[in-house]
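Below is one structure; the comments refer to it alone.
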Amino acid sequence: MRFYLTCICLLIGSLALTSQELSDEVKSVYNFNSTDRFIHVWDSLEQSGHGVFQNPVGEWLAPAEYFYEQAKLNQDTLTLQKLDYPLAIVYHTLALYEKCIPLLVKLLEQRELLSEKRYQYAILKLEEAYRRTGNLKEAIPLRKQRIEAGFDHSFWEIYAEADLFTEAIKDFKHSVEFPAQGWNRMVYFMDLASLYKENGDYDSAIYYYDKAYEDGQYIMARVEYDGKSPYTESNKHYWTAYSRGMIGQVLVAQGNYEPAIPLLIKDIEVSKTIHEVDNTLNKRLDLAECFIHLGDLPRAASYIDTVKNLLGNRGWLTTKLRLLEVEAEYFYETEQYGNAAKYLKEFNKLNDSLNELSNRNNLIAMTTLLDSDQQRAILAEQKLEIEKSNSIKKVQNNQLNLLISGIVILVLVIVVLFLNYKQKLNSKLEAERKLEQKEIFLRELHHRIKNNLQITSGLLQLQADKSKDDFVNSALRESKGRIRSMALIHNLLIGDNSISSVSLKKYIEELVELVEAGLGQPKDTRVTTSIEDLEVSGELAVPLGLIINEILTNSYKYAFDSSPGEISIRFYKGEHGGETLEIRDNGKGFPEHFSIEKSNSLGMQLITMLCGQIRAKLNIFSDHGAVYVIQLNEG
């Protein structure tokens, strides 16, 4: 009797639900008056080839969730199976990856219920969801499975997700067939351009985006073209505008703001016509940066507010990171230094988290994909090339950062003086408050640089430990030493009272300890220092530290045989007001007829380059050992 009463209650509840009038939100523009109507519309649009999301994807969310919950309430297993796929795709398109992943896993576990087309799409979307949430450990097996099934044929997207862009470019060019013309060639150029953009090769990126734009113009001007489909017909205007918008994004990265603006605005306008949200958010942030630098702060604020409203709880972490960066920049320009420091802290926190995830994915990608001797050799060669160029790039980047910091401090001092003149005591107190907030801002900046250098040093150590090639191992460890000498500067700038200069004596003494620790203090060699306690700018300390690092390393490695040695470091003021750095050892000295100009040693080349950057005069000779004399600021 109880069983029959239960059935009657369920039947009455079901009738009440089906007879209840659906809300306008659930009906959507497609007039979804029932679950069957919803499934029919979805299947029809999918089979037509025009794509399901001809209207905003948000039009599908409320109906899909409503009918899914009703099926769960009614314990209707068959209807739930029919709704799993549409709901998963809607969640994926809205970047709600935490919700879409369980549904896609469930679908693939019941492969027999999926058509071949839906199975291919489901496994693709699950891989994308894992990649976009940084879970390469789960994404890589799915990519291998898709390659074995013939659905794909390369790993370049995986490499790109792990920030191995050089490897991604090589794999793309090797694995992706170059189309003769038409739609596929436009997509080919677009993908290749994006890899070059992420790798920092902006000239190549612009070149290939222009190629993609030319193919887009070709497609739009013709009724027939290779690769034509309902999808391409409804999206060709978007991709053509997108290629120009990406050139605008590259121009922003290069600091060319005015020519970027019309390209970005056009891209956003066309993106809106197909309800593409992700692209419009990123391009609005680029426009906000343009208007910040051009001084139109109200317009920048408008774009920032629009992005915050549209982003919501979507899982686009890189977009959130970019938003925090632009907000910090906006508040700094509007002299709201407290808010600027707050958003910079949030940016650093998220950026450190993403960097940690990126480093972990980097190692996962290298250990799971680069498992052949040939691929390991390619990676080793790539790493050596990167390290050779990174030493120069690191010095230039640090000099640029220090120059920017110096300009900012100078502007702040001028503001303080002006406020003192205009407002006397009250203005002076306000200026001191701003100066304190600015110091916090700069300390956060140095902290971020130091953390990034330490992460890079750690990666080099991991690679050195992993490498069985003595030459590669030595090159990686030497590069690690150079990076640690630069990180030491930022660590001292954070810890000392001054954020613009450091104690040269303290810096050199700590640098010597770092070099000794890195080399294991070989052969009982003793280092003595005689350094005047001078304060020097970070701009000068960085190249000096790299020079000392190279000379000490050379002396430890080549100056002495089996006997203990001695190295002395002196830094003193010359007779004419300039400073002199002198480093000498009592080892074998330089070979006869040695010329630093003809030397193939990377260390010697770095010493010469760095002396040129700080306009110092370099003199080397043998005098009971090797002697390096570097004269600065001669009057």
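The values are calculated or read from the model by the stated rules, or taken from the named source; none is laboratory data. Not measured: the values here are computed from a predicted model. Because the Cβ atoms are built from the backbone with ideal geometry, glycine has one as well, and the counts that use them run over all protein chains shown.
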Item to check | The lone exception for Glu224 - which of (1) on the phi > 0 side of the Ramachandran plot; (2) surrounded by fewer than 15 Cβ atoms within 10 Å (Cβ to Cβ) it fails | outcome: (1)
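Each row is one residue, and each column tells you yes or no for (1) out of contact with any Asp or Glu (no Cβ under 7 Å at 6 or more places or on another chain); (2) over 17 Å from Glu127 (Cβ atoms).
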position	(1), (2)
Ile147	yes, no
Trp156	no, no
Asp163	yes, yes
Tyr188	yes, yes
Checklist entry - Quick one: which of Glu550, Glu592, Glu566, Glu582 is modelled with pLDDT under 85 and acidic (Asp, Glu)? => result Glu592
Checklist entry - What number goes with the only condition from (1) assigned to a loop (DSSP other than H, G, I, E, B); (2) among the hydrophobic types (A, V, I, L, M, F, W, C); (3) closer than 18 Å to Leu108 by Cβ that Ile89 does not pass? => result (1)
Checklist entry - Just one of Glu289, Glu269 is among the acidic types (Asp, Glu), out of contact with any strand residue (DSSP E or B) (no Cβ under 9 Å at 6 or more places or on another chain), part of a helix (DSSP H, G or I) and over 21 Å from Pro56 (Cα atoms); which is it? => result Glu289
Checklist outcome for this item: Within the stretch 66-81, residues over 40 Å from the mean Cα position of the chain (by Cα) and over 19 Å from Leu104 (Cβ atoms) come out as Gln70, Leu73, Asn74, Gln75, Asp76, Leu78
Next on the checklist: Looking at (1) under 20 Å from the mean Cα position of the chain (by Cα); (2) assigned to a helix (DSSP H, G or I); (3) not basic (Lys, Arg), which one does Gly200 not meet, given that it meets all the others?
Outcome noted: (2)
Next on the checklist: Give me the residue from the stretch 233-251 that is of a type in the set (S, T, N, Q) and closer than 16 Å to Arg185 by Cα and, out of that set, modelled with the lowest pLDDT.
Outcome noted: Asn235
Next on the checklist: Test of understanding: among Glu597, Glu582, Glu592, which residue is assigned by TED's automatic domain parsing to the domain that holds Arg526, part of a strand (DSSP E or B) and charged (D, E, K, R)?
Outcome noted: Glu582
Checklist entry - When Thr528 is evaluated against the numbered criteria (1) among the hydroxyl-bearing types (Ser, Thr, Tyr); (2) surrounded by fewer than 12 Cβ atoms within 10 Å (Cβ to Cβ); (3) under 39 Å from the mean Cα position of the chain (by Cα), which criterion, by number, is the only one it fails? => result (3)
Next on the checklist: Out of everything in the stretch 329-365 that is closer than 30 Å to Trp156 by Cα and touching a Lys or Arg at 6+ places or on another chain (Cβ under 7 Å), what residue ends up being modelled with the lowest pLDDT?
Outcome noted: Ile364
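Here's the yes/no breakdown for (1) over 22 Å from the mean Cα position of the chain (by Cα); (2) assigned to a helix (DSSP H, G or I):
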| site | (1), (2) |
| --- | --- |
| Cys100 | yes, yes |
| Leu126 | yes, yes |
| His153 | yes, no |
| Ala168 | no, yes |
| His174 | yes, yes |
Checklist entry - Within the set of pairs 6+ apart or on separate chains, which have a first residue in the stretch 529-548 that is in the same structural domain as Ile583 (by TED's automatic domain parsing) and part of a loop (DSSP other than H, G, I, E, B), a second that is hydroxyl-bearing (Ser, Thr, Tyr) and modelled with pLDDT of 80 or more, and C-beta atoms under 9 Å apart? => result Glu532/Tyr572; Asp533/Ser503; Leu534/Ser503
Checklist entry - Of the residues Tyr507, Tyr558, which single one is more than 34 Å from the chain's Cα centre (by Cα) and either assigned to a helix (DSSP H, G or I) or modelled with pLDDT under 80 (or both)? => result Tyr558
Checklist entry - Taking the stated definitions as given, is Leu324 over 18 Å from Lys197 (Cα atoms) and part of a helix (DSSP H, G or I)? => result yes
Checklist entry - Among Ile147, Ile140, which is assigned to a helix (DSSP H, G or I), among the β-branched types (Val, Ile, Thr) and touching a residue at least 60 places away in the same chain (Cβ under 8 Å)? => result Ile140
Next on the checklist: Looking at Leu263 and the list (1) buried (at least 18 other Cβ atoms within 10 Å of the Cβ); (2) of a type in the set (A, V, I, L, M, F, W, C); (3) touching a residue at least 24 places away in the same chain (Cβ under 8 Å), which single condition is not satisfied?
Outcome noted: (3)
Next on the checklist: Could you check the stretch 237-257 and list, in sequence order, the residues that are out of contact with any helix residue (DSSP H, G or I) (no Cβ under 8 Å at 6 or more places or on another chain) and more than 13 Å from Glu289 (Cα to Cα)?
Outcome noted: none
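Against the definition (hydrophobic (A, V, I, L, M, F, W, C), crowded, with 20+ Cβ neighbours inside 10 Å and either outside any loop (DSSP other than H, G, I, E, B) or at pLDDT 90 or above (or both)), how does Ala71 come out, yes or no?
no
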Checklist entry - Can you find even one residue in the stretch 335-344 that is in a helix (DSSP H, G or I), free of Cβ contacts under 8 Å to residues at least 60 places away in the same chain and within 12 Å of Arg284 (Cα to Cα)? => result no
Next on the checklist: Would you confirm, using the coordinates I've provided, whether Arg284 is closer than 26 Å to Tyr196 by Cβ, part of a helix (DSSP H, G or I) and in contact with a Leu (Cβ under 7 Å, 6 or more places away or on another chain)?
Outcome noted: no
